[in-house]
């Protein structure tokens, strides 16, 4: 065990850069997924059948094919097809973005549909344009509904980043894996990994809870301090809406 | 409630000059609203059956009748929340639900036409439908600023006047969720008035309120009816309101007007058996 920790100390720079790669893949993957969630989600709500159809196909494709396979495709198969070779981290960001974006599209669609119809009608009665209605009335309310589900997806995305090891990106998993094979301390190494991912996941949860709280406050919904520490965000049943 | 003259007409005049060119053709030959053989079906169910009626400019009309008789559907068609299945609705001699083709024939209205036509019409809903993501003031100013292009300072000044009118000056910065139902409905009324509608549609506006809050909202609406030239169509179960505010009562049943007349006539001497039954049941 002491071997492991002295090696750990020696390898700190590599570990730090591994952590950095993990965070990078998580953050940029999540941003790509967020963007795709909104694009595909709003497309699925469009009146145009073509737009709904395209969204449906893309969502089903990326939800229905394994993240591993997508990652291997981007890293090993794409260069043979196109001649372009992406860095492992960029492959990760793309694969995470596409895969979790497909799940996120359903979250966006569901949340927009959950905004009471009266809100849409009131905005229409005030003669707001469709874009104005969506931007100023519907999405700000739907956003609060999306955050808990997005938190879950974000945590899942973080926990999927060890897959980067398989395409030889130097992420946190890879760094500790190297330590393990060098020291032979399997138990300690994997315990360390567990703790690392748990701490990261919990930190993300706290951040998302903060975000949720501020979004709720904008809707005039009070959320107590306790809600910040909960690790499993429940979708709030008490949507503000127009009614009491 | 407000006893001083309401700030409505004055502002309607000034706002019309520099806000948006609204086609207010004061064509005296046409009723303001005319339903011409309007049919509304949902699947096999016919809600409105070749409905004909007119509303004159400045009139306050109450629609009464049993649930499911199509009263709310009439307001929703006027607000263009729904489309007619057949027939035409005319506003001031111009088709609301249709556009006139080159040859004078009527085609179903485009979204663009509806946006222009909707401009003259405002609506207050049973469930208030305030925007919870905006404070009270922004609920009122959002559309005047971003739809009519009104100057923000001016829109806010006007919103404050309207909040005073509805008795909520102190709630400018409140969230809708911090208000009682009655207060929310007053804000919703102010929000509708801020758009300077010619026609105000009131859809069972007191039905969702606690009984003790109903009187205040009705009194406010009476004030508005007395002190402005806004044409009002109200669907209500408050027969007192129908009696006090409106000049004309339309009794509906099964998608048709059974009887229409002054409140005195309808409430004291209804000529139709169906009206008598209904009034006996609700009064």
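Where a ≥ b ≥ c are the square roots of the eigenvalues of the C-alpha gyration tensor, would you call the stretch B:38-149 rounded, which needs a/c under 1.5, or, failing that, prolate if a/b is larger than b/c, or oblate? Can you show the working numbers first?
Numbers: a/c = 1.87, a/b = 1.27, b/c = 1.47.
Oblate.
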Inset, instruction - Measure off 7 Å from each Cα along the Cα-to-Cβ vector at residue A:27 and residue B:243, then give the distance between these two points in nanometres to one decimal. - result: 7.0
Legend entry - Principal axis dimensions, the stretch A:159-217 - Cα atoms, whole angstrom, descending: 51, 24, 11
Legend entry - Separation in nanometres of the label points that stand 7 Å from Cα toward Cβ, at residue A:9 and residue A:166: 3.7
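Residue A:206 to residue B:219: FRET efficiency via 1/(1 + (r/R0)^6), r the Cβ-Cβ distance, R0 35 Å, to the nearest 0.05? Mind dumping the intermediate values first?
Values: r = 50 Å, r/R0 = 1.43.
After rounding, the FRET efficiency stands at 0.10.
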Legend entry - Inter-chain Cβ neighbour average for residues A:112-124, partner chain, 10 Å: 4
Legend entry - Volume per residue of the C-alpha convex hull in the protein assembly as shown, rounded to whole Å³: 208
Inset, instruction - Any chance you could give the angle, 0 to 90 degrees and rounded to 10, that helix A:49-64 forms with the longest Cα principal axis of chain A? - result: 30
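How much length would be gained if the chain were fully extended between residue A:85 and residue A:186, taking 0.36 nm per residue of separation minus their Cα-Cα distance, in nm to one decimal? Let's see the in-between values first.
Numbers: separation 101, 0.36 × 101 = 36.36 nm, distance 3.36 nm.
Separation in residues times 0.36 nm, less the Cα-Cα distance, equals 33.0 nm.
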Legend entry - Crossing angle, helix A:12-44 versus chain A [Cα axis fit, 0-90 degrees, rounded to tens]: 20
Inset, instruction - Just grab the label-to-label distance for residue A:17 and residue B:56, each label 7 Å out from Cα along the Cβ direction, in nm (one decimal). - result: 8.8
Inset, instruction - Determine the distance separating the Cα centre of the stretch A:143-199 from the Cα centre of the stretch B:172-200; give it in Å without decimals. - result: 51
Inset, instruction - Name the residue, out of B:126, B:185, B:102, whose mean-square fluctuation peaks in a Gaussian network model built on chain B with Cα pairs under 10 Å. - result: B:102
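Shielding of A:70-77 by partners, i.e. mean partner chain Cβ atoms within 10 Å per residue? Could you put the intermediate results ahead of the total?
Details: counts 0, 0, 0, 0, 0, 0, 0, 0.
Counting Cβ atoms of other protein chains within 10 Å of each residue's Cβ and averaging gives 0.
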Inset, instruction - May I ask for the equivalent-ellipsoid semi-axes of the stretch A:2-228, computed as the square root of five times each C-alpha gyration tensor eigenvalue and listed largest first in whole Å? - result: 39, 24, 11
Legend entry - Residue-span extension gain [residue B:173 to residue B:105] - 0.36 nm each, minus C-alpha spacing: 19.5 nm
Legend entry - Per-residue mean of C-beta atoms belonging to partner chains within 10 Å, peptide A:6-13: 0
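Please compute the contact order of chain B in relative form: average sequence separation of alpha-carbon pairs under 8 Å and at least six residues apart, divided by the residue count, as a percent. The partial results should precede the final answer.
Numbers: 491 pairs, mean separation 70.9, N = 283.
Worked out over chain B, it gives 25 percent.
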Legend entry - For chain B, built as a Gaussian network whose Cα springs stay under 10 Å, the top-fluctuating residue of B:262, B:110, B:271: B:110
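Pull out the extension gain between residue A:66 and residue A:49, defined as 0.36 nm times the separation in residues minus the alpha carbon to alpha carbon distance; nm, one decimal.
Numbers: separation 17, 0.36 × 17 = 6.12 nm, distance 2.74 nm.
Gain on stretching residue A:66 to residue A:49: 3.4 nm.
Here, each number is a calculation from the coordinates, and none is a lab measurement. Treat the numbers as computed from the prediction; the structure is a model and nothing was measured. Every residue, glycine as well, gets a Cβ built from its backbone with ideal geometry; the counts of neighbours run over all protein chains shown.
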